[in-house]
Amino acid sequence: MRWISRNPADTQALARGLAAALDEGGVVGLCGALGAGKTEFAKGLAAGLGIDAAQLSSPTFVIAGELPTAPSAVVERLVHADFYRVEHEDELEMAGLADWLAPGTLLLAEWADRFPRELPADRLDIRIERPADGDPEDRIVSARALGGPGGRFERVLERWSEACP
């Protein structure tokens, strides 16, 4: 799937659409250059899960922040992680990766492409990029479900594309 976001509000709206398409926890990996809009996406996803987006900031210096979701959300908590400053996979284990993968948790990992083997194969990877030409506010948001055909994130991706054509 691929969308064009014209501004940060569009990026957040796409992420709220993803939140509505989720049916349980799991892992969503966010990839893209510095300033691409990963944290804007995270704020939209948090809002879609009933979390005040103002509570969410880039966890670059603490690796991860944990936030409880609204009682009506399909997951109990959102773990917003940032792997940018992580140098070795052992740091992820020490920070609590096993807990972040617990049932009822949605792990949203910025810079997930730095440690893809540490994350479950069944996940949703999202890349946010600036187009080579065009408006500097524009972003290309592309998503792919990993884990093989018929995997649960393929179904999430289908519901998301229906909600955000």
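The values are calculated or read from the model by the stated rules, or taken from the named source; none is laboratory data. Predicted, not measured: the structure shown is a model, and the values here were computed from it. Positions of Cβ are generated from backbone atoms using ideal geometry, with glycine treated the same way; all protein chains shown enter the neighbour counts.
For region 12-50, the set of residues classified as in a loop (DSSP other than H, G, I, E, B) and out of contact with any Ser or Thr (no Cβ under 6 Å at 6 or more places or on another chain) consists of LEU22, ASP23, GLU24, GLY32, ALA33, LEU34, GLY35, ALA36, listed by residue number. Within this structure, PRO149 fails the test of being in a loop (DSSP other than H, G, I, E, B) and either closer than 16 Å to GLY25 by Cα or hydroxyl-bearing (Ser, Thr, Tyr) (or both).
Test ARG77 against the stated conditions and say whether it is within 23 Å of ALA21 (Cα to Cα), among the charged types (D, E, K, R) and within 15 Å of the chain's Cα centre (by Cα). Please lay out each step first, then the result.
Values: within 23 Å of ALA21 (Cα to Cα): yes; among the charged types (D, E, K, R): yes; within 15 Å of the chain's Cα centre (by Cα): yes.
Yes; evaluated as a whole, the condition is true for this residue.
Residues that are in contact with a Phe, Trp or Tyr (Cβ under 7 Å, 6 or more places away or on another chain), under 21 Å from ALA121 (Cα atoms) and surrounded by 21 or more Cβ atoms within 10 Å (Cβ to Cβ) are absent from region 2-14 altogether.
Here is a yes/no grid of residues against (1) more than 15 Å from PHE41 (Cβ to Cβ); (2) assigned to a loop (DSSP other than H, G, I, E, B):
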site: ASP125; (1), (2): no, no
site: ILE128; (1), (2): no, no
site: PRO131; (1), (2): yes, yes
site: ASP135; (1), (2): yes, yes
site: ILE140; (1), (2): no, no
site: ARG155; (1), (2): yes, no
site: ARG159; (1), (2): yes, no
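For region 63-74, filtering for residues that are farther than 22 Å from PRO116 by Cβ, part of a loop (DSSP other than H, G, I, E, B) and either in contact with a Phe, Trp or Tyr (Cβ under 9 Å, 6 or more places away or on another chain) or among the aliphatic types (A, V, I, L, M) (or both) leaves 3.
For region 51-71, the criterion of being in contact with a Ser or Thr (Cβ under 6 Å, 6 or more places away or on another chain) and under 24 Å from ASP135 (Cβ atoms) is met by at least one residue.
Restricting to region 77-103, count the residues that are under 13 Å from GLY25 (Cβ atoms) and either aliphatic (A, V, I, L, M) or buried (at least 16 other Cβ atoms within 10 Å of the Cβ) (or both).
Within region 77-103, the subset under 13 Å from GLY25 (Cβ atoms) is 77-79, 99-103.
If we keep only those that are either aliphatic (A, V, I, L, M) or buried (at least 16 other Cβ atoms within 10 Å of the Cβ) (or both) as well, we get 77-79, 100-102.
Matching residues across region 77-103 total 6.
So, of the residues in region 121-141 that are in contact with a strand residue (DSSP E or B) (Cβ under 6 Å, 6 or more places away or on another chain) and under 17 Å from LEU22 (Cα atoms), which turns out to be surrounded by the most Cβ atoms within 10 Å (Cβ to Cβ)? Here the answer is LEU124. The residues listed here are ALA33, ALA42; of these, the one that is within 13 Å of the chain's Cα centre (by Cα), among the small types (Gly, Ala, Ser), under 30 Å from PRO131 (Cβ atoms) and modelled with pLDDT of 90 or more is ALA42. Just the residues that are within 21 Å of THR39 (Cβ to Cβ), assigned to a loop (DSSP other than H, G, I, E, B) and either among the charged types (D, E, K, R) or touching an Asp or Glu at 6+ places or on another chain (Cβ under 7 Å) (or both), please, taken from region 88-113. The answer is TRP111, and nothing else. For region 51-75, a residue qualifies if it is farther than 20 Å from LEU92 by Cα and surrounded by fewer than 15 Cβ atoms within 10 Å (Cβ to Cβ), and the qualifying residues are ASP52, ALA54, GLN55, PRO68, ALA70, PRO71, SER72.
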